[in-house]
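> Have a look at this one.
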């Protein structure tokens, strides 16, 4: 039998206050993609800093960047032999459009039927909050934490973390740790716990073609002048070949194939394709031929046009040849693709496809390399046991399709990256009506505490404790 | 030597008032594409009706349609043997976006350096006004017109005249005439008068593909769900083949090839490709291979995507797979292509290209067949002489790339359609900073009067006048 979970009582007593903090934080529209919300992103950082101060962290500070600020906090009294753990999350959120599709306003959070509905509920404020509250609970009930704990809560994750790697490098010593815990992911189902062992990378671009100084009358000029929408559509149409693969020459060169045991693990995962389709709200699946849906969304790189516009898009029709057209094109990357290499490949490929006389402007947006978790590290065993203790079953190992700054975290700080995430497949992150299942939130809070205790117990340095304890 | 032009004195005396009427009319934002401007379109019709009443027309009325109203007026006292002429124009205007590109607000007309700058200045309020003022001038100075004159001023020309053919059919008797004069076109240059002998037709569609009920996270779903922007781009990319021709099977089947003498006439036209490019603000020309620019813009059918949008198009980037994508696709048609046939062809072609599981919605916008002027009709000689008298040279014969309801006018009313148009190639119609060169406006006013006089003289029925005059 497992012992009673140490934070149960704390949660019971503090439930209303914790929910209040959650709703208050979610009211701050910290949309990092929109410069108009820069003040809100800063307010969100200040809010997180206050949460950490009230939790009992000693040293709490905003770390400024050329963009939005990150929040740092530490509590370092577990002793020199206890492991040091860095918890990573982010306090910025995605844009909310299409706003009309929300059942309730995205920044007026509500809890209905055990679900918290708001932009940022699960991605990522809710997941950061349970980490903070787990620390507050342990500090209040036990007066200490089992590990030395640091928090780093980023403010630009939803725009590709453009300043994050630089921040890590500049504050390398401050952020030094033995393991990194990322709470910005999900699991397969409420009763099928899982943890990610790989994350896709991301690189994205705005591509703008300009062929004229102004829109032209399609009757007077159409048929003789270039239409930038035609050229841009040709580029988009050429992104994939007939087998659904990305058609950029060399795109797959660096992709590390799944080992046979990884393919087996993938095949063993419970996956209901009908439920996946229903959850996505689609009536069709498509992608790389000869690949399963699970392979496509987790272990394979992709190219997606996330937005495109040009010309007249209002009511009715307007007889013009547009002067410009713009597409936002993103690539998800897997190990060992490198964003810089893909960026060079893509930009050269686009320029080759646009004829002389049409201007091409390509604006890159961030760049995140794919990440892998070393499953043979002592901290990974601690994570497995913590999840099993809270959810009643050990986690399946998944590959997540999403991208984050985890690769830079692991690489720059030289520590393994673990994923403790309580999101669910139908949480509608990045879409209207984002939600967090509250039962998962409370479990996340318990699991964070369990994980630190397991890490303290598993820490290889702990075997030396007696020699230093008896001088 | 030609006799002095009969309206010279009138113009001299009334110049300020006429300019005032022009500016006042241009202040009405009669954008027919935008339902929010429905009241303005009606106000514009009322304004035109008042102009016609003050000019001395007996019977002036708005003709309602399921959309915007047309304006009708007549003066029928030239006698039963005089020809009856119907003047056609339109009082609605194009949308104004991109509004930021206007040097002065589109509905605050200004006259600078002999040019009137406003939305609708040349397309088509200015051209309707000189016709009305020519009639007013003759009625004021001579007490009569040389022909029986009718006006029909449409309110939905810029949205493809969806109710116009029905209006013509319903009011067939009221609108009966011997010749139709359309003032909604242009000429090659101020000193190179020309008249159109063919107009391209038009049919346009909004095509919307929907693949999901909401935008999806590109990390969680990308690579496995359909991206409607990819499918729409594939459709747009497939619209043209490698030789720049429209790739819809059967699209060119009904196109009547230019006769050798038409090709010669086209080749004889002064055309400065560099000036055309500079005027268009482009650094590249492209289109059907093996065709000259003049052929491409006047005598050949085209396909143009006039607008496309889908997904996230704001600042930065958003990592989604969009739920839908929409394109506005228009076709310019030439004799003897029929809009209904092309519409059927196109809709079936689109549906064949979209896989099951993606919803296709196609909304057609109007449909105008291509038009041709019978150059052997007596009225065409009258037009040639009127233009020569005002501009000092006979008109070259051109084919206009634009589309209008002229085909329906000629077909339903059974009369030849003549084009008296004073627009110039760089008037920026349908684009920001639309203008009218005022010198062309005043010449148009004189030419309208000359044309009616020449028509009265050339009217074949006039030869019978002695027999009826001496009973």
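> How would you order A:107-118, B:327-338, A:140-151, B:379-390 from highest to lowest mean count of nearby Cβ atoms within 10 Å?
B:327-338, B:379-390, A:140-151, A:107-118
> Follow-up. The protein assembly as shown: Rg/Rh from Cα coordinates, Kirkwood Rh?
Numbers: Rg = 35.3 Å, Rh = 31.5 Å.
Reported Rg/Rh (Cα atoms, Kirkwood Rh): 1.12.
> Now a separate question. Given points 7 Å out from each Cα along the Cα-Cβ axis, report the residue B:61 to residue A:61 separation in nanometres with one decimal.
Roughly 8.4 nm, to one decimal.
> Give me the angle, in degrees from 0 to 90, between the Cα long axis of helix A:339-353 and the longest principal axis of the Cα atoms of chain A, rounded to the nearest 10.
The angle comes out near 10 degrees.
> Then there's this: Indicate the gyration tensor shape class of the range B:331-398 (rounded, prolate or oblate), computed on the Cα atoms with a ≥ b ≥ c the square roots of the eigenvalues: a/c under 1.5 is rounded; otherwise a/b larger than b/c is prolate and the rest oblate.
prolate
> To continue, here is another question. Suppose each label sits 7 Å from its Cα in the direction of the beta carbon; what would the residue A:16-residue A:376 distance come out to in nanometres?
According to this spin-label approximation, the distance is 5.3 nm.
> To continue, here is another question. Within a 10 angstrom radius of each residue's Cβ in A:205-213, how many Cβ atoms of other chains show up on average? Whole number is fine.
Details: counts 1, 4, 0, 0, 0, 3, 6, 7, 8.
That average works out to 3.
> Relative contact order for chain A: what is it in percent, counting Cα pairs under 8 Å that are at least 6 residues apart?
Value for chain A: 25 percent.
> Defining the label point at 7 Å along Cα→Cβ, can you sort the distances from residue B:15 to the same site in each other copy, shortest first, in nm?
8.7
> Take the alpha-carbon positions of the range A:251-292, form their convex hull, and give its projected area averaged over all directions (one quarter of the hull surface) in nm².
For the range A:251-292, averaging the hull's shadow over all directions gives 4.1 nm².
> At a threshold of 8 angstrom on Cα-Cα distance, excluding pairs fewer than six apart, so keeping six or more, what relative contact order does the range B:172-281 reach in percent?
9
> I would also like to ask the following. Would you work out if the range B:354-467 is rounded, prolate or oblate? Take a ≥ b ≥ c from the square roots of the eigenvalues of the alpha-carbon gyration tensor; rounded if a/c is under 1.5, else prolate when a/b is larger than b/c, oblate otherwise.
It comes out oblate by the Cα gyration axes.
> Something else now. Which distance in Å, rounded to a whole number, links the C-alpha centroids of the range B:215-239 and the range A:15-65?
35
> Arrange the peptides A:443-450, A:57-64 so that the one whose residues have, on average, the most other Cβ atoms within 10 Å appears first.
A:443-450, A:57-64
> Under a crude label model (7 Å from the Cα following the beta-carbon direction), how far is residue A:264 from residue A:347 in nanometres?
Rounded to a tenth, the inter-label distance reads 4.4 nm.
> Using only Cα atoms, tell me the angle between helix B:126-142 and the longest principal axis of chain B; keep it within 0 to 90° and round to the nearest 10.
10
> Let me ask another. Which order do peptides B:234-245, A:76-87, B:179-190, A:264-275 fall in by mean Cβ count within 10 Å, highest first?
B:179-190, A:76-87, B:234-245, A:264-275
> At 7 angstrom along the Cα-to-beta-carbon line, where would the label on residue A:274 sit relative to the other copies? Give the distances in nm, shortest first.
7.0
> Same structure again: For residue A:174 and residue A:46, what is the calculated FRET efficiency with R₀ set at 25 Å and r taken between the beta-carbons, to the nearest 0.05?
0.80
> List B:258, B:51 from most exposed to least, where exposure is judged by having the fewest other Cβ atoms within 10 Å.
Numbers: B:258 18, B:51 24.
So the residues, fewest neighbours to most, are B:258, B:51.
> I would also like to ask the following. As a footprinting exposure proxy, order B:277, B:436, A:455 by other Cβ within 10 Å, with the fewest listed first. Show your work: numbers first, answer last.
Numbers: B:277 18, B:436 31, A:455 27.
So the residues, fewest neighbours to most, are B:277, A:455, B:436.
> Return the whole-Å distance between the Cα centroid of the range B:141-181 and the Cα centroid of the range A:286-308.
58
> To continue, here is another question. Determine the calculated [θ] at 222 nm for chain A from helices alone, applying -39500 (n - 2.57) to every DSSP H run no shorter than 4 residues and normalising by the residue count; nearest 500 deg cm²/dmol.
The helix contribution divided over chain A gives -10000 deg cm²/dmol.
> Which of the three applies to the range B:155-303, rounded, prolate or oblate, going by the alpha-carbon gyration tensor with a ≥ b ≥ c and a/c under 1.5 meaning rounded?
oblate
> Provide a whole-number value for the mean count of partner chain Cβ atoms within 10 Å of the Cβ atoms in peptide B:290-297.
Partner-chain Cβ atoms within 10 Å, mean over residues of B:290-297: 3.
> Calculate the mean, over all residues of peptide A:427-434, of how many other protein chain Cβ atoms lie within 10 angstrom of the residue's Cβ.
5
> Taking the Cα centroid of the range B:355-388 and of the range B:394-447, what is the distance between the two, rounded to the nearest whole Å?
Centre-to-centre (Cα) distance: 13 Å.
> I would also like to ask the following. In percent, how large is the relative contact order of the range B:74-229, given Cα pairs closer than 8 Å and 6 or more residues apart?
Details: 170 pairs, mean separation 51.6, N = 156.
With pairs under 8 Å counted, the relative contact order is 33 percent.
Just so you know, all these numbers are worked out from the coordinates, no wet-lab data involved. The structure presented is a predicted model; accordingly, all values stated were derived computationally and were not measured. Note that each Cβ is placed from the backbone with ideal geometry, even for glycine, and that neighbours are counted across all protein chains shown.
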